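Notes for the one structure printed next.
Read-outs: derived from the displayed coordinates by stated rules, not from any lab. Just so it is clear, the structure is predicted and the values come from calculations on it, not from any experiment. Every residue, glycine among them, receives a Cβ derived from its backbone with ideal geometry; neighbour counts consider all protein chains shown.
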Amino acid sequence: AKLGLAGFERTYPRQLSGGMRQRVNLARAFANDPAILLMDEPLGALDEQTKMLVQDDLLKLWEETRKTVIFITHSLDEAVVLGDRVAVMSHRPGRIKALFDVRLPRPRNALELRNNPDFIEVRRLVWESLREEVLAARGE
C-alpha cells in the first residue's frame, strides 16, 4: 500500500508528524512479514482526522497482505472498522466476555463505513456488552 511516505526517505523521525511516524511504524511492522501482528493501541495518540487516514492505510495494508492482526484498542469505532471479529474484555479479571463477528464488506473505507447500517448495528451490539464493563470499572 502507498502510505504517503515517498519523499521522506532522508527525513529524521523527529521531523515527521505523529501520523507520519505511525505510518512508518505500520510499514516497518508489515515489512518484517510476521505470521501474526500484535498492535496495542497503535493509533491512540493521533488526532481523529489523522487516525481515520491511518485506519484507511491499515485497511489497505491488510488487503494486500491478509496478515492476522490482533488489534488492541479502547475505540469502539476503530474496533468495528478494522476488525473481522471484536472481543469485549471483562473489567476484572480481564477475560474475553463476548465475541462479535463483523461481517462488513471489504475493501473498507473508515469514513464511509461509519454510515453503513450494518456497522451501526454491530457497534450497538458491542456497546451493549461493553457498557456493563465500563460501568463496573467506574464502580457503578
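Considering all different alpha carbon pairs of the range 1-55, the Kirkwood hydrodynamic radius works out to 12.1 Å. Were the residues from residue 70 through residue 109 laid out at 0.36 nm apart, the gain over their Cα-Cα distance would be 12.1 nm.
Of the trypsin sites (Lys or Arg not before Pro) found in the range 39-96, the ones in coil according to DSSP and having at most 14 other Cβ atoms within 10 Å of their Cβ are 66, 67, 95. Taking only Cα atoms, what is the 0 to 90° angle, nearest 10, from helix 48-65's long axis to the longest principal axis of the chain? Taking the Cα atoms of the chain, the angle to 48-65 is about 80 degrees.
To the nearest ten degrees, helix 18-31 and the longest principal axis of the Cα atoms of the chain are 90 degrees apart. Think of the chain as having a plus end and a minus end, set by charges on the Cβ of Lys, Arg, Asp and Glu; of 8, 136, 43, 8 sits farthest toward the positive end of this dipole.
Residues in the range 69-77 carry Karplus couplings, in order, of 10, 9, 10, 9, 8, 9, 8, 4, 4 Hz; the curve used is 6.51 cos²θ - 1.76 cosθ + 1.60 with θ = phi - 60°, and Gly or Pro positions show x. Ellipsoid fit via the Cα gyration tensor, the chain: semi-axes of 28, 17, 15 Å, each the root of five times an eigenvalue, largest first. A simple charge model with +1 on the Cβ of Lys and Arg, -1 on the Cβ of Asp and Glu and nothing else charged puts the dipole of the chain at about 300 debye relative to its Cα centre.
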